[in-house]
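Engineer: Structure below; questions to follow.
The values are calculated or read from the model by the stated rules, or taken from the named source; none is laboratory data. Keep in mind it's a predicted model, so treat the numbers as computed, not measured. Here the Cβ positions follow ideal geometry from the backbone for every residue, glycine too, while neighbour counts run over all protein chains shown. The area values use the complete protein model at the heavy-atom level, side chains included, leaving out ligands, DNA and RNA. Shrake-Rupley method; radii C 1.70, N 1.55, O 1.52, S 1.80 Å.
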Amino acid sequence: MTIEPITTSAGAVLPAPHPVPREIASASNDSFEDAEILQASIKAGSVAQIVVAVIAVIGLIYLLKVVMVTTLFSILLAFVSEPLVSRLGRIRIPRAVGALLAVALLVGLAGGLTYFFYSRAVDFATQLPKYSGKIRSALADVRAQTSQIEESTRAVIASPNVGKPPLAVEVREAPGLSNLISAGSGTLGEVLLAISFMPFLVYFMLTWKEHAHSSTVRLFPKEHRLMAHRTVGRISTMIRSFIVGNFLVGLVSAIVSTIVFWRLGLPYFYFLGVISGFISLIPYLGVFLALLPPFAAGIGLINKTGAGIILVTVIGLHLLSMNVLYPKMVGKRLRLNPLAVTLSLLFWAWIWGAMGLILAVPLVGATKIVCDYVDPLRGFGAWLGD
């Protein structure tokens, strides 16, 4: 291939450009492709590292269940006790003494409520055998229908018997309290250990509140300390309003439920009303759990009209609490959409069980507050909000 020289308009002759060898052009294309492959590999490696890190964090949260649940519950109790300690400080009582009085009050209140509800539960369990005949008669129709369905299914599916039919053998283990205790001894030991640590954690959280707050803010660079201070303050306000709002809403539901159960003649109506009223505070699942205590106590004692009244009362209180009272008392601080709350309940219930259901809402609320103050996470915070 011959390349002619280039002639300009002025008559000057420029030397012909040298052709680029094919080897060099091919090498440059290969280098470009290698760079793209390297960038793609780096991106894939970053995504893989993020996935592995998320899995590791979830596993760590699961393994540290007892420690984290104990700490979070202690934080909630410390927020509940903080107003009392602050008021005692205004009358010149040292903060350490005020914190000690607040913790002693919490322990006494918890012990009194535990003794009261335990006594009522024992009395209810003692009286339950008296209604065994009514319970059996109420469940007789269900058992008959179930047996009939089983026989019909067996007749259709089972193969014809050849020879002597086999004898059904049922093996039963003798019921006993020792078997029940031994089966749950591990979980019971963990719960008792966690409860024994809570008073000490609450006391030190109250006495070292200012130190913990300032030290937490100093963990961040100077240019981000103001933002960290505002974030911690907003989370504190959210948790405090969450606790107070839930207590007031649960108290209203408990009072109304107790009155309705008393009018229906349920045994230990005050015990059942308090349990049903506060259990209904659990988002979405609370309405189903709140129906169990009154229906269990009313088996054989109430008719269909009474069952309908219980159903309407519990569902109505749940809807009123979650859609009217709860948004007014708590919703101003927790601007969360229902999908985020439901996913949070599912995740934390899977990780921590029943304790996760109680802590899910404040955890996702705190997550949203953090996301609102961090620029790269504001999109996720907007997704969590309403």
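Engineer: When segment 287-306 is examined, which residues are found to be open to solvent by 30 Å² or more (accessible area, probe 1.4 Å) and either under 16 Å from residue 256 (Cα atoms) or more than 22 Å from the chain's Cα centre (by Cα) (or both)?
Structural biologist: 295, 296, 299, 300, 301, 302, 303, 304, 305
Engineer: Residues of segment 192-216 being crowded, with 17+ Cβ neighbours inside 10 Å and either among the aliphatic types (A, V, I, L, M) or at positive phi (or both), which ones?
Structural biologist: Once the filter is applied, which keeps residues that are crowded, with 17+ Cβ neighbours inside 10 Å and either among the aliphatic types (A, V, I, L, M) or at positive phi (or both), segment 192-216 yields 194, 198, 201, 202, 205, 206.
Engineer: Enumerate the pairs (first residue in segment 37-64 and over 17 Å from residue 363 (Cβ atoms) and of a type in the set (A, V, I, L, M); second residue anywhere and at pLDDT below 80 and exposed (fewer than 10 other Cβ atoms within 10 Å of the Cβ)) with beta-carbon separation below 9 Å, excluding pairs fewer than 6 apart on the same chain, so at least 6 apart or on different chains.
Structural biologist: Matching pairs, first to second residue: none at all.
Engineer: Filter segment 320-347 for residues that are modelled with pLDDT of 70 or more, outside any helix (DSSP H, G or I) and open to solvent by less than 80 Å² (accessible area, probe 1.4 Å) and give the result.
Structural biologist: If the condition is that a residue be modelled with pLDDT of 70 or more, outside any helix (DSSP H, G or I) and open to solvent by less than 80 Å² (accessible area, probe 1.4 Å), then 336, 337 are the ones that fit.
Engineer: Further question: Pairs needed: first member in segment 374-386, open to solvent by less than 70 Å² (accessible area, probe 1.4 Å); second member anywhere, among the hydroxyl-bearing types (Ser, Thr, Tyr); C-beta distance under 9 Å; at least 6 residues apart or different chains.
Structural biologist: 374/231; 381/367; 381/373; 384/344; 384/367
Engineer: Assuming residue 16 fulfils every condition listed in (1) in a loop (DSSP other than H, G, I, E, B); (2) at pLDDT 85 or above; (3) over 30 Å from residue 233 (Cβ atoms) apart from one, which condition is it?
Structural biologist: So the condition that residue 16 fails would be (2).
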